[in-house]
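What follows is calculated from the coordinates using simple rules that are stated; it is not laboratory data. Everything numeric here is computed off the predicted structure, so don't read it as measured data. Because the Cβ atoms are built from the backbone with ideal geometry, glycine has one as well, and the counts that use them run over all protein chains shown.
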Amino acid sequence: MGSHQIPPELDLLLQEEHAPWEAIAGDVESGLPPEIHLKTLLAIHPDDILRTLASQGVTKLGEFKIKSSIAFPAFKGSSIITVGSPHRIIDHERIWRQEVSHRAGPEIIKAQQAGGGWNDDILVEAFVINVAEAADPDKDGLLQPLLRRWQLDGNLSVFSIPAVQATIAYKWHAFARKLLLWELSIFLVWLISFYLFTFLFQDEDLTLSLTGLLATPRGAFSVGFEVLALLAMAPFIVLEQGTLAAYGVAGWLSVWNSLDIATYAIQISLSVMHLSRIGLGSSTLSLLLALQCIFLMFRLQYFSRTFKSTRFSFLDAIRDVLVEIKYFFALLLIIMLGFASAFAILFRNDQEVNHFDTLPHAFLKIYSSQSGLDYTEMLSSSVPLPATLLNVAYAFIMGMVLVNLLVGIMSNALNRVTQHEALKLLLHKAQVIDELEATLPRWLEDRYEAEWYPRHIHVLRIDPDRIDRVDLDALWAPQQNTGDAGKSESSGWGNEQHVVARLDEIQAALMQLTAQMQKHQLITGGHSSTANCLNEI
């Protein structure tokens with residue numbers, strides 16, 4: 001695909017997790033736009049894919065009201081839900097009422113029918129994705145080409161486009177979430193089995209042969225958990241092969257995949273050494289065991305990235321922060337190396353002080369004592385005054401200035417890299433979906449083709465601007481006494497409702513106007529003035 005970016009004005013419009021759908025959605029009453037076929041678009045207009053998806057990706061079919069006691073349980077905290085259909089135009093109100101009731105569950109329906117409690121109406125909007133076969137797997141669908149594009153420029157705004165959001169939401173609900181939970185279960189078997197093997201290996205008699213080891217209860221359990229860990233690891237190797245085949249080495253290589261390869265290699269190496277009884281007492285085996293304990297715990301965070309309650313990824317945060325502070329960090333290491341060299345030179349006549357007998361020892365010493373060194377060693381050296389002054393300078397520059405500056409820079413960097421967490425959540429879900437689809441056998445995809453890969457995706461959305469909510473900032477605002485309190489209270493609520501309704505109408509009109517202006521600028525190449533655009537509209 002081309003390297004063109006989304007226009008800046010549209011990029012700003014798409015920064016929210018659920019973009020303002022009204023601003024970029026067509027209306028079925030004004031004419032149903034033609035279907036978008038991704039293959040045709042890739043072949044004919046590869047430079048306009050993102051613009052087309054952003055401006056023509058969804059069409060609004062209509063809106064209606066449903067009871068809040070059914071809507072909120074059905075949406076489960078999300079602002080959109082999706083269904084698949086072979087048809088682009090459906091009886092959206094009837095189908096969505098059935099789907100919402102099904103997702104809410106029979107207990108919620110019975111409670112709603114019984115009455116009682118506060119049960120107001122919620123306005124929901126029905127949309128259809130104009131991209132035909134957007135849910136198809138691998139390169140035939142919408143997600144894999146967009147993931148490849150993201151790998152090139154890292155632009156997260158791609159995942160703010162409503163058509164992309166809806167495709168991710170549909171696939172996640174249809175199969176990806178369930179398969180990921182199964183994958184997590186298998187990984188936990190691997191993780192627990194390895195830790196149990198490590199625990200049993202601690203007191204193992206290293207002189208026993210494999211046959212002798214299996215003859216003991218402890219040895220039999222140790223080997224059993226080791227084999228179970230290998231078996232649980234096997235499906236992940238298959239997943240890795242599928243992703244590697246789909247993206248190639250350049251597109252596949254990442255921090256997470258490098259970590260995956262490390263865990264596979266270590267697990268196999270440990271099993272070979274343990275079962276063949278080679279190098280059991282070596283430090284290499286101990287090092288591999290220690291590394292695997294750490295790496296497997298890091299891999300567990302791969303699964304947490306796709307759930308809202310646990311979506312913070314420690315490994316991703318470290319990687320992104322290090323990229324942000326790499327130049328300052330390099331400067332810090334150079335300054336520490338300079339001080340280490342100075343200490344090693346000053347203590348060259350005091351070789352009995354092992355901390356400074358070599359430059360590496362001196363560097364490790366000052367790294368572990370960033371707030372300053374022991375003044376007793378400075379005063380007992382052959383050059384007490386220069387050593388003490390150097391220590392004071394190091395404590396001030398490193399301990400009081402640079403380390404605190406590093407903390408501040410890292411804090412700012414962490415705030416920057418944790419922006420757009422909702423978009424990153426969508427990205428992680430898209431990556432999981434694509435990885436699963438690259439590995440699923442063809443017969444399984446064919447079996448669930450109608451359920452997993454429908455021709456059209458329909459979306460139901462709760463407009464957050466039309467939900468009855470309390471303005472907490474205005475609750476304690478001073479109230480003006482306008483005379484008759486009873487009249488004020490009776491008329492104030494009606495006036496407020498009227499104002500809110502008018503504001504909604506104005507907001508919708510402004511969004512439609514903005515969308516028309518953006519489409520006009522895209523057609524004319526962005527050379528027309530705002531006044532000309534308004535006159536033509």
Considering the Cα trace of region 251-383, what is its radius of gyration and what is Dmax, both in angstroms?
21.5, 61
If each residue of separation counts as 0.36 nm, what is the full-extension length gain between Lys67 and Ile186 once their alpha-carbon separation is subtracted?
38.8 nm
With θ taken as phi - 60° and the coefficients 6.51, -1.76 and 1.60, list the Karplus ³J(HN,Hα) couplings across region 179-187 in order, rounded to whole Hz; mark glycine and proline as x.
5, 5, 5, 5, 4, 5, 4, 5, 5
Tail weight of P(r) past 17 Å, computed on alpha-carbon pairs of region 393-461, percent:
70 percent
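Leu32 to Lys178: FRET efficiency via 1/(1 + (r/R0)^6), r the Cβ-Cβ distance, R0 22 Å, to the nearest 0.05?
Details: r = 34 Å, r/R0 = 1.53.
The pair Leu32/Lys178 has a calculated efficiency of 0.05.
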Can you give the net charge of the other residues whose Cβ lies under 14 Å from the Cβ of Asp91, counting K and R as +1 and D and E as -1?
+1
FRET efficiency for Leu385 and Ser341, Cβ-Cβ distance as r, R0 = 22 Å, nearest 0.05?
0.70
Rg and Dmax of region 121-273, Cα atoms, in Å?
22.1, 75
Relative to the present Cα-Cα distance, how much length would full extension add between Arg348 and Ser286 at 0.36 nm per residue of separation?
18.7 nm
Figure the gain on full extension for Leu208 and Arg277 (residue separation times 0.36 nm, minus the Cα-Cα span) and round it to one decimal in nm.
24.0 nm
Where in region 33-121 are there chymotrypsin sites (Phe, Trp or Tyr not before Pro) that are in a DSSP coil and have at most 10 other Cβ atoms within 10 angstrom of their Cβ?
Trp118
Expressed as a whole percent, how much of the Cα-Cα distance distribution for region 45-203 exceeds 26 Å?
46 percent
When the convex hull of its Cα atoms is projected in every direction, mean area for region 31-122 (nm²):
7.8 nm²
Mind giving me the FRET efficiency for Ile44 and Tyr448? R0 is 41 Å, r the Cβ-Cβ distance, nearest 0.05 is fine.
0.85
For region 125-183, the Cα gyration tensor yields equivalent-ellipsoid semi-axes (√(5λ), largest first, whole Å) of 18, 17, 12
